[in-house]
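Heads up: the structure comes next, in structure tokens.
The values are calculated or read from the model by the stated rules, or taken from the named source; none is laboratory data. No experiment lies behind these values; they were computed from the predicted model shown. Please note: Cβ atoms are built from the backbone with ideal geometry, for glycine as well, and neighbour counts cover all protein chains shown.
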């Protein structure tokens, strides 16, 4: 199956990709003090990746997102959990946050850093990873491609399962045998 690629759409998506990620990082940065945060920033970045996959094709996504999205989500889960457990190591309640205030930085002035930001970064990575993986698998399966490559099948599937594509083919052969 060959796809017709649009040069105009590709160039537009390249610009929107960077713009959406800039907005996502802004939402992530201000999220622990104002509305925004890791969840909405992660959705904005995932949308930018999905637009990129529509422009280039889902087959090109491993070149752009150089790691498995689920590994990205696992790293985010580790970071978010680590911020909560860090307080317990210090003898404080789970998810109690700590803050650091730095004054007089050039171009930034006063900067407030804290564990809520690290927690938001973890949530951001979880959302980008999970949403991207779900939609990439969906896009591949709707195009007639294998939803998961063999390495991913070993990692994510039960050994007792068979791929959806093989199940669909077997069902079609069964229907063809019973057709008049």
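Please go through (1) surrounded by fewer than 10 Cβ atoms within 10 Å (Cβ to Cβ); (2) over 23 Å from residue 72 (Cβ atoms); (3) within 27 Å of the chain's Cα centre (by Cα); (4) at pLDDT below 70 for residue 162 and return the number of the only condition it doesn't satisfy.
Here residue 162 clears every test but (1).
Are any residues in segment 123-135 crowded, with 20+ Cβ neighbours inside 10 Å and more than 19 Å from residue 82 (Cα to Cα), and if so, which ones?
Step one: list which residues in segment 123-135 are crowded, with 20+ Cβ neighbours inside 10 Å, which gives 123-129, 132-133.
Answer for segment 123-135, where residues must be crowded, with 20+ Cβ neighbours inside 10 Å and more than 19 Å from residue 82 (Cα to Cα): 132, 133.
Can you name the residue in segment 1-38 that is part of a loop (DSSP other than H, G, I, E, B) and either surrounded by 14 or more Cβ atoms within 10 Å (Cβ to Cβ) or at pLDDT 95 or above (or both) and is also nearest to the chain's Cα centre (by Cα) among such residues?
37
Quick one: count up the residues across segment 39-77 that are within 15 Å of the chain's Cα centre (by Cα), in contact (Cβ under 8 Å) with a residue 24 or more places away in the chain and assigned to a helix (DSSP H, G or I).
Counting residues in segment 39-77 that are within 15 Å of the chain's Cα centre (by Cα), in contact (Cβ under 8 Å) with a residue 24 or more places away in the chain and assigned to a helix (DSSP H, G or I) gives 25.
Here is a check on your reading of the model: is residue 67 within 30 Å of residue 139 (Cβ to Cβ) and surrounded by fewer than 12 Cβ atoms within 10 Å (Cβ to Cβ)?
yes
Please count how many residues of segment 48-82 are under 19 Å from residue 16 (Cα atoms), in contact with a helix residue (DSSP H, G or I) (Cβ under 6 Å, 6 or more places away or on another chain) and at pLDDT 85 or above.
7
Can you report the number of residues in segment 83-98 which are closer than 19 Å to residue 121 by Cβ, in contact with a helix residue (DSSP H, G or I) (Cβ under 8 Å, 6 or more places away or on another chain) and without any contact (Cβ under 8 Å) to a residue 24 or more places away in the chain?
So the count comes out to 4.
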